[in-house]
1. Look through Arg475, Arg519 and report the one residue that is at negative phi, surrounded by fewer than 21 Cβ atoms within 10 Å (Cβ to Cβ) and charged (D, E, K, R).
2. Might you let me know whether region 363-371 holds any residue that is modelled with pLDDT of 95 or more and under 22 Å from the mean Cα position of the chain (by Cα)?
3. Among (1) without any contact (Cβ under 8 Å) to a residue 40 or more places away in the chain; (2) outside the structural domain of Val208 (by TED's automatic domain parsing); (3) under 22 Å from Tyr198 (Cβ atoms), where does Phe385 come up short?
4. Of all residues in region 223-237 being over 14 Å from Arg212 (Cβ atoms) and part of a helix (DSSP H, G or I), which is nearest to the chain's Cα centre (by Cα)?
5. May I ask you to verify whether Gln500 is touching a residue at least 60 places away in the same chain (Cβ under 8 Å) and surrounded by fewer than 15 Cβ atoms within 10 Å (Cβ to Cβ)?
6. For region 282-300, what are the residues that are exposed (fewer than 14 other Cβ atoms within 10 Å of the Cβ) and either under 26 Å from the mean Cα position of the chain (by Cα) or free of Cβ contacts under 8 Å to residues at least 12 places away in the same chain (or both)?
Amino acid sequence: MRSGLSLLFLGAVILFATDRSEASTSPALGSGTLVKAAQMEILSGGKAIGFVTIPAGSPMIVLSSQDDGFLVKRSDSEAPFKVPKDSLEVSAPASNSSANKTSGISAVGSAPASAIAVPSSSPPPGQTTAPAAPHLLSSQATSASTNSAPTAAQVNKALGISLFGSGSLWEENDAMVANRLRWPQESKTSTEAGYRRYPYTFNSETRVLGARSLSLFMQGVNDKVARISILFANKGDVAFFSSAQESKQQAAHEKQALNVTDSMIKGCQDAMRTDKSAVESGLKALLGGSKPARVGKFSSTTEAGQRWDWNGHSFLLFAPQNEYVALRIVPTSMLDDPDAVKKSFSSVRATLQGRVERRASGDVIITDLPMVDQGRKGYCVPATFERVLRYYGLSEDMNVLAMAGQTGMGGGTSIERIEGATYNLIRDAGGNITQKSFSGNISEIKPFIDAGKPVLFPHFSTEEFNKRVDERMARRVAMTNWDAWKNQFLPSFKKTVPLQRDPQYGHICLIIGYNEKTREIAISDSWGQAATERWMTEDEARQIKDSAISVIE
């Protein structure tokens, strides 16, 4: 179950539609208030890469009136942008009063060296602060009064990351938030995006609420932030708790499965307890007392823990025994909608056939499939199931699925248990997951691919198999003459020695395409962007297949 660290980094310099010098020197004609929400584009290299939604009710400095709208800004230091005339109510001439100094969703804390600080956006009307509550903040967290909600800057300072602006996180563009956090893009489809930071990809650790995070993940849906998941000590990353000697021994046998020792297990479990205590204490100091939280309808995938609500954001702390410690931040409204899952699944099912691409080469391929990089975890099964569930609009987490599949420390998952847990989730959403026999023939997977349904493919992913696939892929990606590929190149790559089914290399991936002319089958692994699309032959599929394939319908 090899891992891959091929990630796309967001390093673009963020610029706005007008130069900063103009923002500071243009004379103001007056002030006004947005009566309709407006969008401010974020530009990089002259191209729009995202936007900030400015909610109705936001005060504006009016710089000029034009035929198609007004040129406005929200503070003296911010770049101007244009809004339609019917979205602004001009109310007063310009003045030097403090009324022009508006608050916003600026990036709190230090911005990356390659970026200009993200401008701010006022919160929606009626959502400036949370209801007052006693004992809300500690003196260490803030100097503000303890009977008021913390500001975004205070929350960010306590977290240790620049996550929030002063408005709702759920109204911000996901790419913009990822850029200010420096979280690399992991995947991008037409409807959703994933951004994930592993500490070892940056050779530095990130601490959240004082605890070391081993994975920071953000999902965006329709260009808006949808959820945040921060993982601390967990059984999948048990290797982080190796001694120097254990790390040295593992490095000397890097192709072998992780040798999990008793001291690694103890170190991991001790860290879970310590991390839970640190995160819980930090949230209590910041937001006061918690209330019980329970997410999920089925025992194998239910998370029970604590919940704190702040300005439309719910902070959920989950720490199932000897599994993981996770902080999830989700829209409060999502927790209160019992039909959210069914709505999402039903909406996605109607789009599946439109996600199938037919190429001139004869390749028929499912596109728009999210990538989940399992990193150093032996989590091919949980990561693959997370990918296919997210493809169907169901935001599940590979660590929860690992718990459902009773994954061992460092890896090793029961496909049957995860399928059982997934069956309940899919059925509750209005679908089904079924097993089908598979002998390796394209005809058996063709109907599913044509319908836009990825196929879960258990097999033996041996070193020799991956060597053969990689050797061909180095030529296939540049191929233009597909008759030559079929008649000359593919035969030249053919091996006479059959592949072995080695249980040590048990693996699962997704079948996402086929080519009837060349008799090839496309697979996608949970190893990062480089493994999004790889091609094997029908003969190889027959040799490495394990048990039955599965399909969500």
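The values are calculated or read from the model by the stated rules, or taken from the named source; none is laboratory data. Model, not experiment: these values are computed from the prediction. Glycine also receives a Cβ, built like all others from the backbone with ideal geometry; neighbour counts cover every protein chain displayed.
1. The conditions single out Arg475.
2. yes
3. Only one criterion is unmet by Phe385, namely (1).
4. Among those residues, the one meeting the criterion is Gly236.
5. no
6. Once the filter is applied, which keeps residues that are exposed (fewer than 14 other Cβ atoms within 10 Å of the Cβ) and either under 26 Å from the mean Cα position of the chain (by Cα) or free of Cβ contacts under 8 Å to residues at least 12 places away in the same chain (or both), region 282-300 yields Pro292, Arg294, Lys297, Ser299.
Conditions tested, residue by residue: (1) modelled with pLDDT under 95; (2) assigned by TED's automatic domain parsing to the domain that holds Ala548; (3) surrounded by fewer than 13 Cβ atoms within 10 Å (Cβ to Cβ).
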| site | (1), (2), (3) |
| --- | --- |
| Ala451 | no, yes, no |
| Ser492 | yes, yes, yes |
| Thr496 | yes, yes, yes |
| Ile508 | yes, yes, no |
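Here is a yes/no grid of residues against (1) under 30 Å from Thr422 (Cα atoms); (2) part of a helix (DSSP H, G or I); (3) without any contact (Cβ under 8 Å) to a residue 40 or more places away in the chain:
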site	(1), (2), (3)
Ala478	no, no, yes
Asp483	no, yes, yes
Asn487	no, yes, yes
Lys495	no, no, yes
Gln504	yes, yes, no
Leu510	yes, no, no
Tyr514	yes, no, no
Ile521	yes, no, no
Gln543	yes, yes, no
